[in-house]
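Step one of this worksheet: look at the structure below.
The values are calculated or read from the model by the stated rules, or taken from the named source; none is laboratory data. Please read all numbers here as calculations on a predicted model, not as lab measurements. Backbone-built Cβ (ideal geometry, glycine too); neighbour counts: all protein chains shown. To get the accessible areas, we keep the full protein, side chains included, count just its heavy atoms, and leave off ligands, DNA and RNA. Shrake-Rupley method; radii C 1.70, N 1.55, O 1.52, S 1.80 Å.
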Amino acid sequence: CGPGCTQRPWHLQGQYSTNLFTARAVEIISQHNLSSRLFLYLAYQGVHAPRQAPAAYVEPYKKGIADPVRRTFAGMISALDEGIGNVTAALAARGMFADTLIVVTTDNGGPTTECSTT
């Protein structure tokens, strides 16, 4: 990836990585030369520890999910869902969506208090 590619610039410290990754992916798509193919590997860090999400993603679940840990987890999923939606919208805006293969995978499911097998 090149020197320093894993280090966030100081002005981005404290920003939610899901949103940063999405913004960069949308930027790459928006600037891509349409005469060549694009391979974009977008490896979001969510949903993983630390269990954190901006309040705007967590608050909608305040009434429906009593457990604050589960509520934060739901917020993390919402941020991820929004990010994927923004990436697909960028692909559509550039006329790339119809010829795009999207693979979504996970390394495991999130642990729950209701399931003793995870």
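Scanning region 58-107 for residues that are assigned to a loop (DSSP other than H, G, I, E, B) and of a type in the set (A, V, I, L, M, F, W, C) yields Ile65, Ala66, Met96, Leu101, Ile102, Val103, Val104. For region 30-49, the criterion of a residue being open to solvent by less than 50 Å² (accessible area, probe 1.4 Å), at pLDDT 95 or above and hydroxyl-bearing (Ser, Thr, Tyr) is satisfied by no position. For Arg24, the test of being in a helix (DSSP H, G or I) and at pLDDT below 95 is passed. Restricting to region 60-104, name every residue that is within 21 Å of Leu20 (Cβ to Cβ) and either among the polar types (S, T, N, Q) or loosely packed, with under 11 Cβ neighbours inside 10 Å (or both). Listed by number, the residues that qualify are Thr72, Ser78, Asn86, Thr88, Val104.
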